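Just so you know, all these numbers are worked out from the coordinates, no wet-lab data involved. This one's a predicted model, so the numbers in the text were calculated from it and none came from an experiment. Cβ: placed from backbone, ideal geometry, glycine included. Neighbour counts: every protein chain shown.
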Amino acid sequence: MSLKSNKPQSTISMIETDPSHHLTGPLMPQTPLDSYIPHGSRYPIIRMTPVSHGLWSDLRTGRWVVVPSTSLRMVLLPLVLHIIWIVFAPLFFTHPPPSPFAPLFFISHPTPSPTDDITDPRYRKGWFDLVFLAYYVVVFSFVRQFFLFKVCYPIAHHFGIRKEGKLARFGEQGYAIIYFSFFGAWGVRIMSHLPTWWYNCQQFWIDYPHWQMTPELKRYYLMQASYWCQQLVVLVFGLEKPRKDYRELVAHHVVTLWLIGLAFGLLSRLFSNLICGHHRSQVELWDKLDANWECCVTSMDIPDVFLATVKVLTYLRWERAQIPSFILFIVVWTYFRHYLNLVMLWSVYKDFDLIPHSARSFSPSNGVWMAGWMKWQIFTPILLLQCLNLFWYFLIWRILWHVVMGSRLKDDRSDDEGSDDEASDKKKKKRS
């Protein structure tokens, strides 16, 4: 009995002292920048950009995700072909057809505007959205690797961060700050133009179904989906060294894509044409149910900015800024990832019945998907995200407790998170 009762406590202790855990590891005390490192080299480890093994080889093995030169070629090739088409097609056709490469860069499937205003367009879903999504998976692969090697690593070297594992984690958090800051702000901007502002959850369900999307909301959805698909590819195929909490992160990415997929693929018409003649007041409610998922994703993005900032400050050993930023992070995390998440969960549970009775059926051909059981298809992924967040929330408060009590977690592996350098040191000792 004692062994069983101690198992959860030992598991928590192991997580708290694990330098490779994505949440607790970066918040552990780091080796001072100018201190002696007992294992490994005192000199900076210059992390070289991954070298291409050839375009076909990189495509076949999936290395294009981590080799920026290959992903850049994949990004530029259709762009060059698109420009060639635009320039030369009018020379051969009186009425040149649209470029077959345009769906890669621009959102597709426009539909007549309900307001009859050409400056207020609307879009529906369609197969070309998958093409757009796939292309931006490649774009994010290039942007991420370029930012890591050309921006984050030079900054890390400047501040004396030496170990390769630490360089990788510092780069990841630097990229996270930029990405989540941009998309968090973009999500707030989109929400501010919707009836659901600020988490007015009843508007998610009133006057469902909603068939059309504004251009900005559709682009936001597809680019968010592309980012999370790219992150999932990196995790699942092991293109980077996995963390100890690999399963938690995979679960988080899968649930996030589940949410985005539900919003984009089910809550509006995907295959059939727009049914015209809706009542104007219904259509002017925009994409309220789609906004449900935009709100959910935004509530995840904003606290991630503060989490990544705390991690970066910890890596840099800016101790005066660590505690205030950590407390601010806890406040933001609590509000966005728990309070607002619970507000949305309650809305799904309580306000789902605001959907008109005529629309409470599963009829894809008519653009209606909201049968009674779909309520739980929406409720479940948000609840799963809340469970993951509660697990991480518990760890966050444990960290704060250690800070308040004045005890410091010991990092036996110095400033190395991945133990790669430690392993190489052991091999050297054995050889000697």
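Determine by what factor the alpha-carbon radius of gyration of region 80-172 differs from 2.2 N^0.38 Å, reporting the quotient.
Normalised Rg, Cα atoms only: 1.70.
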Could you give the C-alpha radius of gyration of region 121-160 expressed as a fraction of 2.2 N^0.38 Å, taking N as the number of residues it contains? 1.88
Using the Karplus equation 6.51 cos²θ - 1.76 cosθ + 1.60 (θ = phi - 60°), what ³J(HN,Hα) coupling, rounded to whole Hz, does each residue of region 214-230 give in order, writing x for Gly and Pro? 6, x, 5, 5, 5, 4, 4, 4, 5, 6, 5, 4, 5, 4, 6, 5, 5
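Going by C-beta contacts inside 10 Å, put Cys201, Cys229 in order with the fewest on the left. Don't jump to the answer; show the numbers that get you there.
Values: Cys201 21, Cys229 18.
Going from least to most buried by this count: Cys229, Cys201.
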Residues whose placed amide H lies under 5 Å from that of Phe362, excluding near-sequence neighbours: Ala371
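What does the charge add up to near Ser52, with Lys and Arg as +1, Asp and Glu as -1, over the other residues with Cβ less than 15 Å from its Cβ?
Numbers: positive: Arg60, Arg63, Arg73; negative: Asp58.
So the surrounding residues net to +2.
Take Arg320, Arg247 and order them by how many other Cβ atoms sit within 10 Å, fewest up front. Write down the numbers at each step before the final one.
Details: Arg320 8, Arg247 11.
Arranged by neighbour count, lowest to highest, Arg320, Arg247 become Arg320, Arg247.
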Among Thr119, Thr49, Thr214, which comes first, then next, by fewest other beta-carbon atoms within 10 Å? Thr119, Thr49, Thr214
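Based on the alpha-carbon gyration tensor of region 145-221, what equivalent-ellipsoid semi-axes (square roots of 5 times the eigenvalues) come out, in whole Å, largest first?
For region 145-221, the ellipsoid semi-axes come out as 40, 12, 10 Å.
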